[in-house]
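All remarks here apply to the structure that follows.
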Amino acid sequence: MSVEVILPGVLADLAGGSKHLQVEVRGATVADLLDTLAADHPLLARRIRDETGQVRRFVNVYVDGDDVRFQQGVATPIPDGTVVQVLPSVAGG
């Protein structure tokens, strides 16, 4: 199953500089996608997930525009052709 992952510049640097990744996922959930990303880009994976495998508090993951925190978290299903966007929160004033 193919999924497009969109990353901002700060995270793209951890994925070889690419802001758009086409990922062949072995599974059907956000967790499966993140596992696949971790195999290819371990530094990126550590910025997205914590030690328990959950999305870090200050990172937002959207599946076709919907925040996974308001869905099923990392168990959120991702159908073929899904677009997943990963955005770290920005703080400042």
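Condition first: without any contact (Cβ under 8 Å) to a residue 24 or more places away in the chain and touching a Gly at 6+ places or on another chain (Cβ under 9 Å). Now tell me which residues in the range 18-35 satisfy that.
Once the filter is applied, which keeps residues that are without any contact (Cβ under 8 Å) to a residue 24 or more places away in the chain and touching a Gly at 6+ places or on another chain (Cβ under 9 Å), the range 18-35 yields LYS19, ASP35.
Mind checking which residues of the range 13-58 are touching a Ser or Thr at 6+ places or on another chain (Cβ under 8 Å), modelled with pLDDT of 95 or more and within 19 Å of SER89 (Cβ to Cβ)?
VAL30
Tell me which strands (runs of 3 or more DSSP E) are completely within the range 3-93 and hold 2 or more residues being surrounded by 13 or more Cβ atoms within 10 Å (Cβ to Cβ), β-branched (Val, Ile, Thr) and touching a helix residue (DSSP H, G or I) at 6+ places or on another chain (Cβ under 6 Å), or say none if there are none.
Per the criteria, 59-63.
The values are calculated or read from the model by the stated rules, or taken from the named source; none is laboratory data. Owing to the predicted nature of the structure, the values given are computational and were not obtained by experimental measurement. Neighbour counts run over all protein chains shown; Cβ positions are idealised from the backbone, glycine included.
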